[in-house]
């Protein structure tokens, strides 16, 4: 996308899903993921488990446990 951010999210420890097709990213594009540390002094509201982890931190928190790229199957309408 020519260096243009296509999605972002505040850290809360839950799964994050980005549709590359919806973001206009396809072959032969290159994709760069930037993970910015969260300061222990941050005042953003977090779920209780994430807030406890942040309050126990003595240095900025930064982690990336896994990245999975998978093909999505064909869209099918679910009958009402």
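No value in this document is a laboratory result; all are computed from the given coordinates. Keep in mind that this is a model prediction, so the values were computed, not measured. All Cβ positions, glycine included, derive from the backbone under ideal geometry; neighbour counts span all protein chains shown.
If the condition is being closer than 13 Å to residue 10 by Cα and not in a loop (DSSP other than H, G, I, E, B), then segment 55-76 contributes only 61.
Residue-level check: of (1) in a loop (DSSP other than H, G, I, E, B); (2) surrounded by 13 or more Cβ atoms within 10 Å (Cβ to Cβ), residue 51 misses just (1).
Just name the residue that is nearest to residue 71 (Cα to Cα) out of those in segment 22-48 that are touching a residue at least 24 places away in the same chain (Cβ under 8 Å) and surrounded by 10 or more Cβ atoms within 10 Å (Cβ to Cβ). Break it down stepwise before answering.
Within segment 22-48, the subset touching a residue at least 24 places away in the same chain (Cβ under 8 Å) is 25, 29, 33, 35-38, 44, 46-47.
From what is left, the residues that are surrounded by 10 or more Cβ atoms within 10 Å (Cβ to Cβ) are 25, 29, 37-38, 44, 46-47.
Working: 25: 13, 29: 16, 37: 29, 38: 31, 44: 34, 46: 31, 47: 31 Å.
Here the answer is 25.
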